[in-house]
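Right, one structure below, let's go through it.
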Amino acid sequence: MISADDFLEPARDEGFDFYTGVPCSYLTPLINRVINDPANRYVGAASEGEAVGIAAGAWLAGRQTVVMCQNSGLGNAVNPLTSLNVPFQIPTLLVVTWRGQPGLADEPQHELMGQITPALLDTLRIPHMAFPATIDKIGPAIAAMSSSLRETRLPFAFIMEKGSVHDDGLSETTPTTRSSGAHADHRVSAELPTRYAILQRLLAAVPESAAIVASTGKCGRELFTLADRPQHLYQVGSMGCAGPMGLGVALNTTRPVIVLDGDGAALMKLGAFATIGAMGPDNLVHIILDNGIHDSTGGQPTVSPSVNFAGVALSCGYAGAALTDDSDGFEKAFAVALANPGPHLIHVRIRPGSLDNLGRPTLSPREVADRFKAFLADPKGVAG
């Protein structure tokens, strides 16, 4: 058994100081020490898949990241691990606990996942090794992990067994609460605008220094068709992770960060609203382009007509939220969001449909990621 600092300090020497995840009792000592230590940053996520998205955004903004979760949470993380980290080649360290480890008594819900945890990581093609639970194993384990992340640019996992780290307790913390933000209603009940029209207004008003994370599907494809810029990240797969990715970026840059989300995607990881509100990045603008359907898969309806996204955002701690159903209203709401500390949410009702003969980004996801990462690191603060 080791202390948390026995692991965290050499990990920090290798640059790992941004942690996110969902707690497990086996992880208690590690998470508590990360929270207690101001040298590390910890973002508690609403789900494991959300945590993977947050870590991806933080890595793009220059941080070395760690995602901590119970092995049962791998099920929630499979989608972004395979459709976000792999195509964009975004590395992260996973610290995964081994509940239900064969031969050890545990709760019945952990039995199957305990049997398949190493095999599941193998299936996901994530190299892994035992979490170093003795002092002599820490250095070699961290060296092997760091080498793998550098060489593959893909995730690597430590599997943590029960009792690997002794608990030093959690310092008393006061939960951060935020007062209710401002709500604006710019609806005019006219003909709904197209996604394309809203994106045109966005591109005309967005600062050159701003980073834009566009959700998977036709949103990113239309943005690419309108203007391909280094500051654009066109998500593929990982539906619902645009908000978490944008949060990971926003927490690690002073630039404005714009998230372009869809109604179906936002609903898939609605818990991310709470994480964004709690973390409170004042440079984040979260835009939901709501056409009421799953446009990329044949127009099946979503449940968004019954969802008050602006109300949800304000309840979760966003500084401001606006609802609009026309281009002028969007332009007004966007100007307010850019001029005032956030996070802000803008819910835009749009009509279904997209451009005819819509193209796809001609760059590979890795090329998009590399270009976006370089843009974020550019001290000039403007697009190249």
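Residue by residue, here is whether (1) under 19 Å from Glu14 (Cβ atoms); (2) under 23 Å from the mean Cα position of the chain (by Cα); (3) not in a helix (DSSP H, G or I) holds:
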residue	(1), (2), (3)
Ile116	no, no, no
Ile126	yes, yes, yes
Met129	yes, no, yes
Pro140	yes, no, no
Ala144	yes, no, no
Arg150	yes, yes, no
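Residues of the range 1-48 that are part of a strand (DSSP E or B) and free of Cβ contacts under 8 Å to residues at least 40 places away in the same chain: Tyr42 alone.
Within the range 322-347, the set of residues being more than 18 Å from Asn291 (Cα to Cα) and part of a strand (DSSP E or B) comprises just one member, His344. Sub-7 Å Cβ pairs linking a first residue in the range 303-331 that is closer than 13 Å to Val188 by Cβ to a second residue that is part of a loop (DSSP other than H, G, I, E, B) and of a type in the set (Ser, Thr, Tyr), at least 6 apart or interchain, are Asp325/Ser189, ordered by first then second residue.
Any residue that is touching a residue at least 24 places away in the same chain (Cβ under 8 Å) and either in a strand (DSSP E or B) or touching a His at 6+ places or on another chain (Cβ under 7 Å) (or both) - is there at least one of those in the range 49-58? Show your work before the answer.
Of the range 49-58, the ones touching a residue at least 24 places away in the same chain (Cβ under 8 Å) are 49-58.
Still in the running and either in a strand (DSSP E or B) or touching a His at 6+ places or on another chain (Cβ under 7 Å) (or both): none.
No - not one qualifying residue is present in the range 49-58.
Residue-level check: of (1) under 28 Å from Phe18 (Cα atoms); (2) modelled with pLDDT under 95, Arg221 misses just (1). Checked across the range 265-285, the condition of being over 28 Å from Val43 (Cα atoms) and of a type in the set (Gly, Ala, Ser) holds for no residue. When residues in the range 342-384 are screened for being within 17 Å of Ala211 (Cα to Cα) and exposed (fewer than 14 other Cβ atoms within 10 Å of the Cβ), 7 of them pass.
Scanning the range 239-269 for residues that are among the hydroxyl-bearing types (Ser, Thr, Tyr) and either assigned to a helix (DSSP H, G or I) or in contact with a strand residue (DSSP E or B) (Cβ under 8 Å, 6 or more places away or on another chain) (or both) turns up just one, Thr253.
Is it true that some residue in the range 55-65 is at pLDDT 95 or above, closer than 24 Å to Tyr234 by Cβ and out of contact with any helix residue (DSSP H, G or I) (no Cβ under 9 Å at 6 or more places or on another chain)? No; the residues of the range 55-65 include none that is at pLDDT 95 or above, closer than 24 Å to Tyr234 by Cβ and out of contact with any helix residue (DSSP H, G or I) (no Cβ under 9 Å at 6 or more places or on another chain). Scanning the range 270-299 for residues that are touching a Lys or Arg at 6+ places or on another chain (Cβ under 7 Å), in a helix (DSSP H, G or I) and farther than 19 Å from His344 by Cβ yields Asp295, Ser296. The residue that is surrounded by the most Cβ atoms within 10 Å (Cβ to Cβ), counting only those in the range 305-324 that are modelled with pLDDT of 95 or more and more than 23 Å from the chain's Cα centre (by Cα), is Thr324.
Within the range 210-237, the set of residues being within 23 Å of Thr297 (Cβ to Cβ), in a strand (DSSP E or B) and free of Cβ contacts under 8 Å to residues at least 60 places away in the same chain comprises just one member, Ala214. Screening Gly237 with (1) modelled with pLDDT under 95; (2) in contact with a Phe, Trp or Tyr (Cβ under 9 Å, 6 or more places away or on another chain); (3) of a type outside the set (Ser, Thr, Tyr) gives one miss only, at (2). Here Asp282 does not qualify as among the charged types (D, E, K, R) and over 22 Å from Gly246 (Cα atoms).
For the range 348-368, the candidate set comprises residues that are out of contact with any helix residue (DSSP H, G or I) (no Cβ under 8 Å at 6 or more places or on another chain) and not in a loop (DSSP other than H, G, I, E, B); within that set, the residue that is nearest to Gly329 (Cα to Cα) is Arg349. With respect to the conditions (1) β-branched (Val, Ile, Thr); (2) closer than 30 Å to Thr28 by Cβ; (3) surrounded by 13 or more Cβ atoms within 10 Å (Cβ to Cβ), Ile135 lacks only one, and its number is (3).
With respect to being within 24 Å of Arg221 (Cα to Cα) and within 24 Å of the chain's Cα centre (by Cα), Thr302 fits the description.
Being part of a helix (DSSP H, G or I) and touching a Pro at 6+ places or on another chain (Cβ under 9 Å): is that true of Asn79 here? No.
Evaluated against (1) at pLDDT 95 or above; (2) surrounded by fewer than 17 Cβ atoms within 10 Å (Cβ to Cβ); (3) of a type in the set (A, V, I, L, M); (4) out of contact with any helix residue (DSSP H, G or I) (no Cβ under 9 Å at 6 or more places or on another chain), Ala205 falls short on exactly one condition, (4).
The values are calculated or read from the model by the stated rules, or taken from the named source; none is laboratory data. Small disclaimer: the values here were computed from a predicted structure and weren't measured. Cβ: placed from backbone, ideal geometry, glycine included. Neighbour counts: every protein chain shown.
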